[in-house]
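Single-structure report; data block below.
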Amino acid sequence: MKALWTLSIFLVLIFFSRQAEAINGTNLIGFGPASRAMGGIGIGQPVGVDAVIKNPAFIRAEKELDVLVGMTHLFPSVKVENKNAGLLGGVRKEVESEGDHFIAPAFGITKNINDNWAFGIGAFGVSGLGVDFRDARENGIFALHTDLSLFKVAPGISYKHGDFYVGANLSILHGKFALAYSLDATNFTGPGASSDTGYGFDLGAGYNFKNWWAGINYQSPISLDYKHQLTEAAIDFTLTDVFLGNRIEQPAEIGLGLGFSHEKVRVGLEYKKILWSEAQTYQQAGWEDQTVIALGVGYKFKKVEARIGYNHASHPLGARAINNATSAASNNRDAVNLFNLVAFPGTPESHITFGAGWEFSDNASLDAAYVIAPEVAEKTNFDAGAGSMEIDMKHAQKSLTVGLNYHF
């Protein structure tokens, strides 16, 4: 157990050295390797220790005590092309973000208290985004550099009565955010990184009838204050009517799911709504609510379960967040376009997921998941005072998740 705690602390330190690039807007589709391999499911049926934050109603150990230690390694690719860069003296038209690999930890424990009650605690990288265009100072995109990471610690408890499950957790969310840019292609502006901690809760309920499962959960919004970050940029980019303060709110979520499990097969189908339009700063920037559909299938061959899934999220950057019309006189629409599309590109939509779990002993298993988010292309215009610039952005992602599960 001492070795597990040491490894978990090490993973947390890695997480806070760099941010996690996210998938549904800024949120990871799932947290543990089993969930991520099956499209991010876990609301409608238990799929692992990360039930602590996926749906606390399903907090329960397979034996008496379960432990998960793992991490997700993300490989985002964000490319921005300024169609007018060729008019600026041979400057590169297309540049790629240097932020191309990030790590998010996954650590959790669930403990059965008795036949009815169970306790769990999870510590997961849950959300974030970032780009690093500091080497593109003369490309017309202001060498934008953003770094947002969110880490959740959640102690929770569940109660089982017959076929019914209910659960809740206390969500302790710690965030780190940094924003920097260059207005003159020489000097960088930015107050350095800011961090804050906020509190919320998750509620969940579930039902199991023979081979069928159903579940519903709610995650409360949590607001974090990153001092000086947005207000300074709001002045430089004339966005004081958009960035009203330094608070960035992690949005509320509501989801429901259905599951089926029988001997070697398990299947899950889930629906989730992420309420970006009600979250501070995202709301002002024009983000729209996301509808997320997740499908996962697992099939067991003796000691190995093969897993596959699909996750699709509607685009959070609608017409209010980005558009193709230059309108500098209308609430500085162009600057909003630039920040949403280049600095905060929460654009991936479809995700193909697969992986496996191997029970190499009666008490332990090794799980892995691989997620591919195919490239999404968007375009907008930005007027920096010297004429309109057409900007194209391409965003794709891949990620690998591994984890060890111990059952005592």
Qualifying residue in region 258-268 (condition: surrounded by fewer than 17 Cβ atoms within 10 Å (Cβ to Cβ), of a type in the set (Lys, Arg) and in contact with a Ser or Thr (Cβ under 6 Å, 6 or more places away or on another chain)): no
Positions within region 91-113 being open to solvent by 20 Å² or more (accessible area, probe 1.4 Å), not in a strand (DSSP E or B) and not charged (D, E, K, R), in sequence order: Val91, His101, Ile113
Positions within region 127-159 being open to solvent by less than 10 Å² (accessible area, probe 1.4 Å) and assigned to a strand (DSSP E or B), in sequence order: Ser127, Gly128, Leu129, Gly130, Val131, Thr146, Leu148, Ser149, Leu150, Ala154, Gly156, Ser158
Pairs where the first residue, in region 236-259, is farther than 13 Å from Phe339 by Cβ and the second is assigned to a strand (DSSP E or B) and β-branched (Val, Ile, Thr), C-beta under 6 Å, 6+ apart: Gln250/Ile222; Pro251/Ile274; Glu253/Ile274; Leu256/Ile216
Condition met for Ile121 (crowded, with 16+ Cβ neighbours inside 10 Å, in a strand (DSSP E or B) and hydrophobic (A, V, I, L, M, F, W, C)): yes
In region 231-280, residue farthest from Ala294 (Cα to Cα) [restricted to those that are in a strand (DSSP E or B) and hydroxyl-bearing (Ser, Thr, Tyr)]: Ser261
Boolean, Asn116 is more than 30 Å from Phe75 (Cβ to Cβ), more than 27 Å from the chain's Cα centre (by Cα) and either surrounded by 16 or more Cβ atoms within 10 Å (Cβ to Cβ) or of a type in the set (Phe, Trp, Tyr) (or both): no
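To keep it simple, each residue is scored yes or no on (1) at pLDDT 90 or above; (2) over 19 Å from the mean Cα position of the chain (by Cα); (3) in a strand (DSSP E or B); (4) over 30 Å from Thr240 (Cβ atoms).
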site: Glu305; (1), (2), (3), (4): yes, yes, yes, yes
site: Asn311; (1), (2), (3), (4): yes, no, yes, yes
site: Asp334; (1), (2), (3), (4): no, yes, no, no
site: Gly357; (1), (2), (3), (4): yes, yes, yes, yes
site: Met389; (1), (2), (3), (4): no, yes, yes, no
Residue in region 166-184 that is surrounded by fewer than 18 Cβ atoms within 10 Å (Cβ to Cβ), free of Cβ contacts under 8 Å to residues at least 60 places away in the same chain, farther than 23 Å from Ile59 by Cβ and of a type outside the set (S, T, N, Q) present: yes
For Tyr282: the one exception among (1) hydroxyl-bearing (Ser, Thr, Tyr); (2) out of contact with any strand residue (DSSP E or B) (no Cβ under 9 Å at 6 or more places or on another chain); (3) surrounded by 23 or more Cβ atoms within 10 Å (Cβ to Cβ): (2)
Count - residues of region 285-299 that are more than 30 Å from Ala321 (Cα to Cα) and open to solvent by 20 Å² or more (accessible area, probe 1.4 Å): 2
Filter pass, Asn405 being part of a strand (DSSP E or B) and at negative phi: yes
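Just one of Gly48, Gly40 is modelled with pLDDT of 90 or more, open to solvent by 10 Å² or more (accessible area, probe 1.4 Å) and small (Gly, Ala, Ser); which is it?
Residue meeting the stated conditions: Gly48.
The values are calculated or read from the model by the stated rules, or taken from the named source; none is laboratory data. Worth saying up front: this structure is predicted, and the values here are computed from it rather than measured. So basically every Cβ, Gly included, is an ideal-geometry build from the backbone, and we count neighbours across all protein chains shown. Just so you know, the surface numbers come from the protein's heavy atoms only, side chains and all, with ligands and any DNA or RNA stripped out. Shrake-Rupley method; radii C 1.70, N 1.55, O 1.52, S 1.80 Å.
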